[in-house]
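Below: one structure, written as structure tokens.
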Amino acid sequence: MLKGFVKPLKLVVLFMAILPLSCATILHPPSNSTSLDDSHSIVFGKVEVTMDGQPIDLKSDSLLNPKEMVIHISPYVSDEAINQNEFKPGKYCFKVHGDQDGCFAFVVPSGKYYFVEFDYLGILPFKSTVGARTYMPINGKVENPYLMTFEAPPNRAVNIGTIKNEFHPLVANLFYSKYEYQISYTNDYEAAQKWFLESNGNLKDKISEGVTETRPVSVTDK
């Protein structure tokens, strides 16, 4: 289990054919530098996506059908200060590509962060772009809002675990789609550490496990 981990809630997200209110504008990703100092952290981990229990390959199968996950994050200050504007993206974002088997690593200023939005670009059937914010009950798409946070300690490369995205189709066709959606953390620290050190062996003594939390929040529907 991840240190400081709180068992995630089960939730239902109902996706409509197009979700313009929950898909934020994509930002440029943070620096991919592997240098560390007393004011920056490297965050690494892995993303898994399944559809009806079967893993989805995140590798793009053609130039006409690119696949990509874009995950938005922002510094956490308080529940009252979380981003409740569905048109406003997170302060930072990072991309997850299939050629890295869902693994990711990025640099941010040290501190505590929360996940603002998960965007699934070309990943789900019959959709090119789908996004969701777990803490916002936008038009009823999120039934039980909850917030996902993680710590990024200074001068460390911190593993925040594997983020599991599970979709269960209720209706999926060219005209309308609706899914049950669950998201949770799991920990595979040894495998994540091995992947990270393949290209960042000089940071072996800087790696640590992350403090990650998932908990319910109360927000108003905008």
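The values are calculated or read from the model by the stated rules, or taken from the named source; none is laboratory data. Everything quoted here is computed from the prediction, not taken from an experiment. Counting neighbours? That spans all protein chains shown, and the Cβs are built from the backbone with ideal geometry, glycine included. Ligands, DNA and RNA are excluded from the accessible area calculation, which covers all protein heavy atoms including side chains. Shrake-Rupley method; radii C 1.70, N 1.55, O 1.52, S 1.80 Å.
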Identify the single condition in (1) free of Cβ contacts under 8 Å to residues at least 60 places away in the same chain; (2) within 23 Å of PHE44 (Cβ to Cβ); (3) of a type in the set (S, T, N, Q) that ASN200 does not satisfy, given that it satisfies every other one. (1)
Restricting the first residue to region 103-124 and requiring it to be under 18 Å from ILE42 (Cβ atoms), which pairs with a second residue that is basic (Lys, Arg) meet a Cβ separation below 6 Å and a spacing of at least six or different chains? CYS103/LYS46
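So that you can scan it fast, the table gives a plain yes or no per residue for (1) farther than 30 Å from ASP205 by Cβ; (2) within 13 Å of the chain's Cα centre (by Cα):
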| site | (1), (2) |
| --- | --- |
| GLN100 | no, no |
| GLY111 | no, no |
| TYR146 | yes, no |
| ASN165 | yes, yes |
| PRO169 | yes, no |
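Conditions (1) touching a Pro at 6+ places or on another chain (Cβ under 8 Å); (2) assigned to a strand (DSSP E or B); (3) over 23 Å from TYR181 (Cβ atoms), marked per residue:
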residue: ASP38; (1), (2), (3): yes, no, yes
residue: SER41; (1), (2), (3): yes, yes, yes
residue: SER60; (1), (2), (3): yes, no, no
residue: MET69; (1), (2), (3): no, yes, no
residue: PHE87; (1), (2), (3): no, no, no
residue: PHE94; (1), (2), (3): yes, yes, no
residue: PHE104; (1), (2), (3): no, yes, no
residue: PHE115; (1), (2), (3): no, yes, no
residue: TYR120; (1), (2), (3): no, yes, no
Looking at LYS164, is it touching an Asp or Glu at 6+ places or on another chain (Cβ under 9 Å) and not hydroxyl-bearing (Ser, Thr, Tyr)? yes
Considering region 60-97, residues that are within 18 Å of TRP195 (Cα to Cα) and surrounded by fewer than 19 Cβ atoms within 10 Å (Cβ to Cβ), and then whichever is modelled with the lowest pLDDT, we arrive at HIS97
Exactly one of (1) of a type outside the set (D, E, K, R); (2) out of contact with any Gly (no Cβ under 9 Å at 6 or more places or on another chain); (3) closer than 26 Å to ASP38 by Cβ is unmet by PRO154. Its number? (2)
Against the condition open to solvent by less than 30 Å² (accessible area, probe 1.4 Å), touching a residue at least 40 places away in the same chain (Cβ under 8 Å), under 22 Å from GLN182 (Cα atoms) and of a type in the set (D, E, K, R), how does ASP52 come out, does it pass? no
For region 71-90, pairs from a residue that is farther than 19 Å from VAL108 by Cα to a residue that is in a helix (DSSP H, G or I), with Cβ under 6 Å and 6 or more apart or across chains, are GLU86/ILE138
